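To start, the structure itself, in structure tokens.
The values are calculated or read from the model by the stated rules, or taken from the named source; none is laboratory data. This one's a predicted model, so the numbers in the text were calculated from it and none came from an experiment. Using ideal geometry, Cβ is built from the backbone for each residue, glycine included, and neighbour counts are taken over all protein chains shown.
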Amino acid sequence: MVERDDRPVAAIFRSPLFNASETFVQTHAASLARYRPLVVGLEEKGGVRPELRGRLLVATPGERAALKLLGRAGPLARRIARERPRLVHAHFATDGLLALPLAEALGVPLVTTLHGFDVSRSRAALLRSGQLSWVRYALAGGALRRRGRLFLAVSEAIRARAIAQGFPPERTVSHLNGVDLARFARAPAPKPGLVLHVGRLVEKKGTALLIDAVARTDARLVVIGDGPLRARLERQAVGLGGRVRFLGALPPAEVAEWMARAWLLAAPSLTAADGDSEGLPTVVAEAAAAALPAIVSDHSGLPEAVIDGETGFIVPERDAPALAARIEALLASPDLQRRMATAARRLAEERFDSARQADQLERLYDEVAPCA
């Protein structure tokens, strides 16, 4: 007999279920306690966490076309309505605009999380992208800003940028993404000299800058992730005598294993030519949970995840010599690495615990969608 679940439903919307780099969407859904997640998407891409199986609602081809091409939510909304959701929560402003007709057809408020590119890329860059959802957002994003009930920025830096773009200050708040601390609870066994870099291989991640910095040191670099710049980055690393390894995209469990053996994480993000910027990369919070010191740039929300000189180092954006110097400092001092590792885990427990962040989120849900 299936146990009845009377918790109110939060319909969590993300068009692709799930992009490999977007573990935060699944963590959000799996961490809810007082609300029951219904994860709604337009296409299934795999990699679903076991606890979310059976909680997905994927649009049919007809429902997907009606919503994406015509803005008609009716067919999909009718299926979602059977679950009687109290609200819709979309990830990224582009998907927030796509989900707006769904929320309005259901008669419930729309909450949208702003992650970074959705408030940092220029309107011209969005129009040039050729991606339908991005072009639509560039042309009609004002509807989301006017009619969305609540906007959650993943860092204070992103909140400031969102407000500068016209998001309403009174309905735009900061809310950090949480991390499942238990997933990173294994005792670290760091390998001296091993620098880890995790992320999609696009300009804003600063991977090319990091390879330049590593070339100035004796460090070994492991790069986890894939993307359009991979071939170019591999060519850049050819002259480093095999000190740079590209592993491609890996499952979250394998990423956690690499974090347990790395000496430090490097995340020297930067603003791309088209304005694309970070919000607050989840990988930096995950590194803290794994007791892994991080060296990050002073870019966007990154300084909100690292205490300079205590849990890692913050270096100027695009400064390869400064990045190399901080890498060398950490490689040269096992005592410093251990102190920073302990402080990083403590910071994760205080700031990024997914259970605590989910509790704060559910309080916001209560405010925007009070029980009738």
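Yes or no, residue by residue, for (1) surrounded by fewer than 20 Cβ atoms within 10 Å (Cβ to Cβ); (2) of a type in the set (V, I, T); (3) over 21 Å from the mean Cα position of the chain (by Cα):
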{"site": "W263", "(1), (2), (3)": "no, no, yes"}
{"site": "A287", "(1), (2), (3)": "no, no, no"}
{"site": "I307", "(1), (2), (3)": "yes, yes, no"}
{"site": "E317", "(1), (2), (3)": "yes, no, no"}
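Within segment 148-159, residues that are in contact (Cβ under 8 Å) with a residue 60 or more places away in the chain sit with their Cβ atoms under 6 Å from residues that are among the acidic types (D, E), at 6+ positions apart or across chains, in these pairs: S155/E304.
Filtering segment 335-357 for residues that are crowded, with 17+ Cβ neighbours inside 10 Å, farther than 12 Å from W263 by Cα, more than 21 Å from the chain's Cα centre (by Cα) and at pLDDT 95 or above leaves a non-empty set. Within segment 92-136, if we keep just the residues that are among the hydroxyl-bearing types (S, T, Y) and in contact with a Phe, Trp or Tyr (Cβ under 9 Å, 6 or more places away or on another chain), the residue that is farthest from V202 (Cα to Cα) turns out to be T112.
Could you identify the single residue in T113, T94 that is outside any helix (DSSP H, G or I) and either among the hydroxyl-bearing types (S, T, Y) or not assigned by TED's automatic domain parsing to the domain that holds P168 (or both)?
T113
Of the set (1) in contact with a strand residue (DSSP E or B) (Cβ under 7 Å, 6 or more places away or on another chain); (2) farther than 23 Å from E286 by Cα; (3) hydrophobic (A, V, I, L, M, F, W, C), all apply to L139 but (1). Scanning segment 1-22 for residues that are surrounded by fewer than 22 Cβ atoms within 10 Å (Cβ to Cβ) and not in a loop (DSSP other than H, G, I, E, B) yields V9, P16. May I ask you to verify whether R200 is touching a strand residue (DSSP E or B) at 6+ places or on another chain (Cβ under 8 Å), among the basic types (K, R) and not in a helix (DSSP H, G or I)? Yes; evaluated as a whole, the condition is true for this residue.
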